[in-house]
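Here the structure comes first, spelled out in structure tokens, and everything after it is commentary.
The values are calculated or read from the model by the stated rules, or taken from the named source; none is laboratory data. Keep in mind that this is a model prediction, so the values were computed, not measured. For neighbour counting, all protein chains shown are included, and Cβ atoms are generated from backbone atoms with ideal geometry for every residue, glycine included. Protein only, heavy atoms only, side chains kept; ligands, DNA and RNA dropped before computing areas. Shrake-Rupley method; radii C 1.70, N 1.55, O 1.52, S 1.80 Å.
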Number of protein chains: 2
Amino acid sequence: MELINIEVLDTSLRDGAQGEGINFSLQDKLDVVRSLDDLGLAWIEAGNPWSNPKDMEFFRQAAGLKLRHAKLCAFGATRKKGNKAAEDPAVQSLLQAETEAVVIFGKSWDLHVSEVLRVSQEENLAMIAETVSFFKEKGRQVFYDAEHFFDGVKANREYALSTIKTAMEAGACRIVLCDTNGGCFPDFISQTVKEVSGFLGPFEKDTLLGIHTHNDADMASANTIAAVQAGCRHIQGTLVGFGERCGNASLAAVMPSLELKLGFRCLPPGKMEQLSEKTRTLAEIANVSLGGNMPYVGSYAFAHKGGMHADGILKSKRSFEHIDPALVGNDRHFLMSELGGRSAISELAKKVDPSLTRDHPVIAALFKKLKNLEAEGWQFEGANGSFEILVRRELGSYKPFFNIEAYRVMNEHPTGETIACSHAWVKVLVDGQEEIAAAEGAGPVNAMDGALRRALKHFYPELEKVRLIDYKVRVIDGNAATAAKVRVLISSSDGRQSWTTVGVSDDIIDASRAALADSIEFKLIKDSEQ
Amino acid sequence: MELINIEVLDTSLRDGAQGEGINFSLQDKLDVVRSLDDLGLAWIEAGNPWSNPKDMEFFRQAAGLKLRHAKLCAFGATRKKGNKAAEDPAVQSLLQAETEAVVIFGKSWDLHVSEVLRVSQEENLAMIAETVSFFKEKGRQVFYDAEHFFDGVKANREYALSTIKTAMEAGACRIVLCDTNGGCFPDFISQTVKEVSGFLGPFEKDTLLGIHTHNDADMASANTIAAVQAGCRHIQGTLVGFGERCGNASLAAVMPSLELKLGFRCLPPGKMEQLSEKTRTLAEIANVSLGGNMPYVGSYAFAHKGGMHADGILKSKRSFEHIDPALVGNDRHFLMSELGGRSAISELAKKVDPSLTRDHPVIAALFKKLKNLEAEGWQFEGANGSFEILVRRELGSYKPFFNIEAYRVMNEHPTGETIACSHAWVKVLVDGQEEIAAAEGAGPVNAMDGALRRALKHFYPELEKVRLIDYKVRVIDGNAATAAKVRVLISSSDGRQSWTTVGVSDDIIDASRAALADSIEFKLIKDSEQ
């Protein structure tokens, strides 16, 4: 069967960033773009340069990224009432983002025109027409987001339709129908999309009807799919599903349904198998925990607890699974493991020693060890450095380059001082030789890092070149509050390559110590092999 | 408009208990029954007495509960192949549960009959007929769950239909069509329910067609609603939505859609307003965290972050909310953020002092202060406690309950020890009186928390009741690695209410100190106002 192409736009960095608890640093944003590009999405809506000055700096830096699949677009509103589009400062800043496409949102619901914008219906149409024309004339592709379109149709069908017709006639090449409040149901979405198709069509080549849904009635996925079945060929959502209130449509939930079950194609060939990994990566960058029960990609999505089900699945896989989990890069047997099963472990371990095939006893031992570590909260996904050290230790031939014999970290806030200060000392042992060094720092981890490097550089001057490029902390079990376990991820670079290491403890200092030690160890291993 | 009655069955204690991480004690189960009864559900499927001996003891004790709305039912399979129903031990134990209704599940998918049960199609029909008849003769109402019904229809329509016809003719008064693997879509569910209605109907009085869905394709809510619109009048799910793999249909997501939007009635009058509270209670008993983004009942479900949205909602509530949150007992929240405006700040500040309107000079000053704090990495969204303290400080009338004069936190990993240890001392000043206390803890923050509480409880014994329920750490700018700023969020509870506070610093200990101090301060403010 020939699959029908669906163009996918991810708005994690724009609409997703409106979600509670979601805050991206500039570095996070660049990482998100790289991950989504890897996954093969068509468009990344990456920010609103007017409302958020940080976004403008992002667009400047993002222009230098070499993307293979995705293109970037910036998001903004129609011009303000009374302004000329060319003189509207928000329109100007959108232009300066210099993206190939711009997404312009405008009002389709008469209530919003009169109560929120407080302009006449005619002025709203002029705002849409002039803003779209302006960008079209500047050579940009214009995607028009018809905000609250479905509520608008309920309130004043004729006016809602006139807004999208205006956008289309002004040159928009995507007309995106938005269920902004997330309160509609699939039957209404389906019927309305069909009506709109008839009303606007026939479409010019390269012009697509799109859908943008929210999950306030738990219908974001169902509404997106209903819209596609009714004729939409462009879908918007966020990979993980975060977004304002109850979130946007989760692309990780929608794309496999469309591609594996309903006859549509969302991703380039071979990419759907990376869906679980990329969704977890995105959640990690956003520092949100991915619900285990998330459709398709959650860690419980193919978990079988009921005795009857587990038995059934051994007799017939189809009997208790709606799809083969491998199709979305998820796994049936190894729920606790982010790495997947033995085959995946073997694949990774082969990088250290090519003889480590799936049935090698070291792989069996590693598998068991990983299960135990994961039960304690360790997670090696993304922590390639720590995983490689773990493999080497399991091989038995491994001799560490150093040991941390002891450390002490102190945080003080003495009477009369306005800021706290941290200092640390660390004692290391290298080839039977001890070295102690001390440092102060911005916070206890920074102080320990300084002391550790100072102690080691007597033995390994090449460590001068290593710098830490990222530091992340995740509380594993929030319920235990300040006694909860924490997972620390540290990314390091020596200018040529970068690697990530992990540490877990109920003591954030000790978790950081473990990740720091692995980070330095990994660098020394790599240098010794050159 | 006359609402059409829908009979609701909650299976949190049976299918829900198959979810990963869900384990109910006997006391938990009794508490769940009480909560669901309070909410006014019609039926509670409370366990499988054969597969789980604890469930039998539960049914013995549950018989003594005085329920006002709900009735209990027990769940079990059709008799084993070759057995007589009356002599089948599983059937016997189901009988001994002595519930008014029993739920019998049987096979509708020919694949399961041949591959999992490994019996002939005729024997499967006999197993269904004899088991249903047996309970009917014993005076029980029999609900028949047609497991994998929709997959069965796809594979062998005629056989699937014959299984439910058999159950109906044997006396089942509920025929419940199950999407056990959760992989179907609403259009197919709708069409199939209509066909089944025609095939089985007309129904006798008190006989209902039912629907039971799972969320593997994120369609559980949409499929349930599609089935009701196609003719089902009995729905099954779990209030919170937990259950095997991706979970069951969440009744908290489905019931408000049906009752507030689609013309059906699920709960007795006045009960929908308890939905948010009861769903949180159930999550609390099950010890799962209720996703903030959960439709209708989540804590972010009516949270507004974007400046434009927050501004819009004050102009017209309907404009950015699909329903009034009060209808489901939820609240509207405004999140503070770089994206939010003065209107949102004023809305929050009014809780402290109603005179703080949008144009009040204190609001202007707060707005400026927030901008500066946010530039330093502070985020008050969700940190209602810290925000309220900030407002009070800005009002000028505020006198803190205590000051932390000094602290010292030490982390040690001495030579020869296998684990690190943390200890702390804190000196506080209350009304000119100093107090010093020390504590050790699991990690430095836990140690400081212990010392601070110990020092303060001399002055404020009511702090005994406060416990920390969540602790989150976010690295704000990962690029600065271990010298990066961190934001700490702490949620606390005194058993009656909960609140969240925030601290930011490049020193995680000092950020935690700030959030801890605000947390305690907030509690003391609230107590002083009672």
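For this structure, a couple of remarks:
- Each label point was placed 7 Å from the Cα along the Cα-to-Cβ direction; for B:I469 and A:K84 their separation is 5.7 nm.
- With K and R counted +1 and D and E -1, the other residues having a Cβ less than 10 Å from that of A:A90 yield a net charge of +1.
- Interface burial for B against A (accessible surface, 1.4 Å probe, total of both chains, Å², rounded to 100): 9000
- Legend: residues B:C421, A:C184, sorted from most to least accessible area (1.4 Å probe; ligands, DNA and RNA excluded), read B:C421, A:C184.
- Distance from the alpha carbon centroid of the range A:150-220 to that of the range B:187-215 works out to 32 angstrom.
- Derived scalar couplings ³J(HN,Hα) [the range A:78-90; Karplus, 6.51 cos²θ - 1.76 cosθ + 1.60; whole Hz; x for Gly, Pro]: 4, 4, 5, 4, x, 6, 7, 3, 5, 9, 6, x, 5
- Based on alpha-carbon atoms, the Kirkwood radius and the radius of gyration of the range A:33-90 give Rg/Rh equal to 1.08.
- Positive minus negative residues near B:F185 (Lys, Arg vs Asp, Glu; Cβ under 11 Å): -2
- Solvent-accessible surface ranking, highest first, for A:T418, A:T78 at 1.4 angstrom: A:T418, A:T78
- From most to least packed by mean Cβ count within 10 Å, the peptides A:239-247, B:43-51 give A:239-247, B:43-51.
- Take the Cβ atoms of B:E115 and A:E440, set R0 to 56 Å, and the FRET efficiency comes out at 0.25.
- Residues within the reach of a label modelled at A:E204 (point 7 angstrom out along Cα to beta-carbon, backbone nitrogen below 19 Å), restricted to the range A:139-175, are A:139-146, A:162-175.
- B:E376 contributes an accessible area of around 90 Å² to the protein surface, as traced by a 1.4 Å probe with all chains present.
- Each of A:K136 and B:K194 was given a label point 7 Å from its Cα along the Cα-to-Cβ line. The distance between the two points is 4.0 nm.
- In this structure, the amide hydrogen of B:D507, modeled 1.01 Å from its nitrogen in the peptide plane, lies closer than 5 angstrom to those of B:V486, counting only residues at least 5 positions away or on a different chain.
- Residue pairs, from the table A:K81/B:K305; A:K457/B:K485; A:K136/A:K205; A:K84/A:K165, whose Cα atoms sit over 18 Å apart: A:K81/B:K305; A:K457/B:K485; A:K84/A:K165
- DSSP beta bridges in chain B [antiparallel fraction, %, rounded to 5]: 45
- FRET E, pair A:R393, A:K457, Förster distance 25 Å, beta-carbon r, rounded to 0.05: 0.55
- Shape summary: the protein assembly as shown maps onto an equivalent ellipsoid whose semi-axes, from the alpha-carbon gyration tensor, are 46, 37, 31 Å in decreasing order.
- Span from the the range A:1-47 Cα centroid across to the the range A:275-298 one, whole angstrom: 13
- Relative to the longest principal axis of the Cα atoms of chain A, helix A:444-456 runs at roughly 50 degrees.
- When the listed pairs A:K427/A:K472; B:K317/B:K523; A:K80/A:K138; B:K194/B:K271 are checked against a 27 Å cut-off, the alpha-carbon distance exceeds it for B:K317/B:K523; B:K194/B:K271.
- Given charges at beta-carbon only (K, R positive; D, E negative), |dipole| of the range A:71-146 in Debye: 120
- In plain terms, the C-alpha convex hull of the range B:440-530 casts an average shadow of 6.0 nm² when viewed from every direction.
- Crossing angle, helix A:251-261 versus chain A [Cα axis fit, 0-90 degrees, rounded to tens]: 70
- Residues of the range A:498-518 with amide N under 18 Å of a point placed 7 Å along Cα→Cβ from A:K66: A:498
- Each part reduced to its alpha carbon centroid, the range A:487-530 and the range B:432-472 end up 33 Å apart.
- Percent accessible area from carbon and sulfur atoms, the range A:1-82, protein chains only, probe 1.4 Å: 51
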